[in-house]
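The values are calculated or read from the model by the stated rules, or taken from the named source; none is laboratory data. Model, not experiment: these values are computed from the prediction. Reconstructed Cβ throughout: ideal geometry from the backbone, glycine too, with neighbour counts over all protein chains shown. Just so you know, the surface numbers come from the protein's heavy atoms only, side chains and all, with ligands and any DNA or RNA stripped out. Shrake-Rupley method; radii C 1.70, N 1.55, O 1.52, S 1.80 Å.
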Amino acid sequence: MVQMEGLLFAGQVLSLTAKIVVALFLLRAYRISGRLSSFYLGAGWVISAIVVLMDVLRREAFVVVFYALFSSILFYGSLLFLIEEGQIALKRPWILGLTPLFGAFYGLLLGNTWESRVGIPYGIAAFYVFLAGVMISSTERNFPTARNAGIALALFGLHEMDYPVLRGVEWFAPIGFTLGAILTVLSAYLMARMVLSERFIRKKPKITVEPGIRLITSDDYRNVVESLKDYPVLAFLRKPVEFPAWTAYMITAVGGEMKVHPTNPPKD
């Protein structure tokens, strides 16, 4: 029993440290990039660190409320991430993240059993953590750090959902505890990698494009294209490119949308 309590405390310290560190990375990324998703994801992990502290202090009601708040903010941050990536369009995304909070307060105010006061609200909040991970992982394939972070977060939320069901199963306690600690650290590490990536921070290109006409070699051209592929570029090209951020017109004698005739560009 003493050994189990020592293991639990060590895991809580590890989880608390991982959550604070990833929150710092996310908030730093917000300062650099100005992306609101990074701010809310970071705030969510700060709240998750408070959940650990409430668990150490054995304040069950606060654990439920703060975990629901963590879930809501994390879910909202994931929606903002997809909006910033241009994958969805929502006018009031914050409304969709209120469900975990409603579930928590409803259970605490009206519930008279552990399942209704803690189990069900905790399970709902964990489901929204899972959904947040699914949404982040649904980003484009050319953003692998985000996809990996989303998958890890989804697994973390999926594991948290078993807490109301397996809470009283003694043999599963050390397994669930160890798995939870691993998924927490993994999610934090991969999310830190996501926000430190050039794609997320959207650093300025490392090249300088001077005004006027300049002749370059084919190798220089490939370097220019690689440096600018994630930035909003207006391009007139002979060959098509697959960069979603670019507005590209084809120079060709074949008519059609987004095509410019080589002998009469002003008319087009």
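Ala173 passes all but one of (1) at pLDDT 70 or above; (2) closer than 30 Å to Ser71 by Cβ; (3) surrounded by 15 or more Cβ atoms within 10 Å (Cβ to Cβ); (4) of a type outside the set (Lys, Arg); which number fails?
(1)
Please go through segment 224-235 and give me each residue that is exposed (fewer than 13 other Cβ atoms within 10 Å of the Cβ) and assigned to a strand (DSSP E or B), ordered by number.
As a first pass, look at segment 224-235 and keep what is exposed (fewer than 13 other Cβ atoms within 10 Å of the Cβ): 226, 232, 234.
Across segment 224-235, the qualifying residue is only Leu234.
Does segment 215-222 contain any residue that is at pLDDT 70 or above, open to solvent by 100 Å² or more (accessible area, probe 1.4 Å), at negative phi and polar (S, T, N, Q)?
no
Can you name the number of the only condition in (1) assigned to a helix (DSSP H, G or I); (2) at pLDDT below 70; (3) not basic (Lys, Arg) that Ile207 fails?
Checking Ile207 against (1) assigned to a helix (DSSP H, G or I); (2) at pLDDT below 70; (3) not basic (Lys, Arg), the one that fails is (1).
Taking segment 101-123, which residues are within 12 Å of Tyr163 (Cβ to Cβ) and open to solvent by less than 80 Å² (accessible area, probe 1.4 Å)? First the steps, then the outcome.
Keep residues of segment 101-123 that are within 12 Å of Tyr163 (Cβ to Cβ), which gives 114-115, 118-123.
Matches in segment 101-123: Trp114, Val118, Gly119, Pro121, Tyr122, Gly123.
Given the criteria farther than 20 Å from Phe127 by Cβ and within 22 Å of the chain's Cα centre (by Cα), does Ser72 qualify? Lay out the reasoning, then the answer.
Numbers: farther than 20 Å from Phe127 by Cβ: no; within 22 Å of the chain's Cα centre (by Cα): yes.
No, not satisfied.
Within segment 237-251, track down each residue that is in a strand (DSSP E or B) and loosely packed, with under 13 Cβ neighbours inside 10 Å.
So in segment 237-251, the residues in a strand (DSSP E or B) come out as 237, 247-251.
Within segment 237-251, Thr247 is the sole residue that qualifies.
So which residues in segment 50-62 are surrounded by fewer than 20 Cβ atoms within 10 Å (Cβ to Cβ) and free of Cβ contacts under 8 Å to residues at least 40 places away in the same chain, if there are any at all? Let's see the steps before the verdict.
Within segment 50-62, the first condition is being surrounded by fewer than 20 Cβ atoms within 10 Å (Cβ to Cβ), and the residues that meet it are 50, 53-62.
Listed by number, the residues that qualify are Ile50, Leu53, Met54, Leu57, Arg58, Arg59, Phe62.
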